[in-house]
Amino acid sequence: MAKDVNNIRQSIRKGEWTKPTTGIDTGNTQANLVILPKKDAYDFLLFCVRNPKSCPLLEVTDAGVPVPDKTAPDTDVRTDVPKYRIYKGGKLADEVTDITDFWSDDFVSFIIGCSFTFEKPLLDHGIPIRHIDEGRNVPMYRTNIPCETAGELSGPMVVSMRPMKPENAIRAVQITSRFPSVHGAPVHIGDPGAIGITDLGKPDFGDDVTINDDEIPVFWACGVTPQSVVMNSTIDMMITHAPGHMFITDLKEEEHAVL
């Protein structure tokens with residue numbers, strides 16, 4: 001039974017829900033969040049335009065506006081994410097559950113599609129999602145797939161991984177291809193070494209999950225890519241969601257499906 005999105009948001013806002021949001025069934029699109037000073041916002045916008053698989057934009061706010069009025073007008077990006085990451089000078093400086101004290105009137109917020117959105121359609125078609133079954137965060141890995149550079153923003157794509165039986169992987173390609181605004185079809189299936197991943201048991205972000213002998217890894221572009229990229233930069237300040245701790249929008253999952 002679907003959960004009420006307003007109750008979930010209130011729980012997040014009060015700091016009662018600080019865990020990953022995977023598996024939450026509200027029927028709403030989940031999203032990555034990136035917040036930058038206005039002086040860096042153009043380069044990041046350009047990065048998103050050049051890397052739409054990793055950073056499918058849903059909304060960009062005006063500077064200093066904490067309410068994304070097109071995707072979630074009753075929310076506040078300063079309080080409505082379970083856990084945030086604060087990057088300073090390209091280094092992770094802190095993890096917090098509220099960024100009100102960090103907020104600046106020149107911050108621009110980017111709402112970016114998240115693959116958690118298409119997990120319910122996968123489940124509805126009888127395709128198990130291992131990290132949900134095991135109560136863990138989705139495993140995410142840095143790859144050797146280069147992103148298109150924008151300004152000083154450069155680096156490799158990050159991918160999320162879901163192990164599947166081969167027949168389910170084929171069906172997953174068909175299903176997720178209908179959701180281009182939340183990463184769409186996988187970018188790779190099979191041998192992780194082909195995309196620079198040396199050990200599936202040691203994800204760079206998230207948790208490891210069980211991969212059975214009759215399963216293959218299926219990889220999707222991931223909205224954690226900006227966090228990996230900012231580590232290669234000297235950007236003064238960047239605030240994001242903590243991996244797996246997403247911003248829940250008002251957009252319905254089916255709004256992102258194309259025929």
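Just so it is clear, none of the values below were taken in a lab; they were calculated from the coordinates. Bear in mind the structure is a predicted one, so any value in this text is a computation, not a measurement. All Cβ positions, even for glycine, are placed from backbone atoms using ideal geometry, and neighbour counts span all protein chains on display.
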In debye to the nearest 20, the charge dipole size for segment 117-221, taken about the Cα centre with +1 at each Lys and Arg Cβ and -1 at each Asp and Glu Cβ, equals 280 debye
Helix axis angle, 166-176 relative to the chain longest principal axis, alpha carbon, degrees
40 degrees
In debye to the nearest 20, how big a dipole does the chain give about its Cα centre with +1 on each Lys and Arg Cβ and -1 on each Asp and Glu Cβ?
180 debye
Diffusion constant of segment 117-221 at 37 °C, which comes from Stokes-Einstein with the Kirkwood Cα-pair radius and 0.692 mPa s, µm²/s:
232 µm²/s
About the Cα centre, charge dipole magnitude for segment 30-136 (Lys/Arg +1, Asp/Glu -1 at Cβ), debye
520 debye
Using θ = phi - 60° and the Karplus relation 6.51 cos²θ - 1.76 cosθ + 1.60, list the HN-Hα couplings for segment 70-83 in order, rounded to whole Hz, with x at every Gly or Pro.
8, 9, 6, x, 9, 10, 9, 5, 7, 10, 9, 10, x, 7
Positive-end extreme of charge dipole, segment 117-221 - chosen from 220, 145, 122 (charges on Cβ):
122
Protection proxy ranking of 219-230, 152-163 - average other beta-carbon atoms within 10 Å, highest first
219-230, 152-163
Within the chain, the cysteines whose Cβ lies no closer than 4.7 Å to any other cysteine Cβ are 114, 147, 222
Kirkwood hydrodynamic radius, computed over distinct alpha-carbon pairs, for the chain: how many Å, to one decimal?
18.2 Å
What aspartates and glutamates does residue 91 reach when the alpha-carbon gap must be under 20 Å and sequence neighbours fewer than 8 apart in one chain are set aside?
40, 43, 101, 152, 204, 236
³J(HN,Hα) computed for each position of segment 226-232 - Karplus, 6.51 cos²θ - 1.76 cosθ + 1.60, integer Hz, glycine/proline x
x, 5, 5, 5, 5, 5, 8
In degrees between 0 and 90, to the nearest 10, how far off the longest principal axis of the chain does helix 38-50 point, with axes built from Cα atoms?
20 degrees
Which value in deg cm²/dmol, rounded to the nearest 500, describes the helix-derived mean residue ellipticity at 222 nm for the chain, given -39,500 (n - 2.57) per DSSP H run of n ≥ 4 and division by the residue count?
-5000 deg cm²/dmol
At a 10 angstrom cut-off on C-beta neighbours, averaged per residue, how do the peptides 190-197, 28-35 rank from highest to lowest?
28-35, 190-197
I'd like the distance separating the alpha-carbon centroids of segment 57-100 and segment 14-41, in whole Å.
8 Å
Calculate one ³J(HN,Hα) per residue across segment 19-32 by plugging θ = phi - 60° into the Karplus curve 6.51 cos²θ - 1.76 cosθ + 1.60, and present them in order as whole Hz with x for glycine and proline.
9, x, 9, 4, x, 5, 9, 10, x, 9, 5, 8, 9, 7
Cut-off under 23 Å on the C-alpha distance; same-chain residues fewer than 8 positions from residue 165 excluded. Which lysines are left, in chain and number order?
120, 202
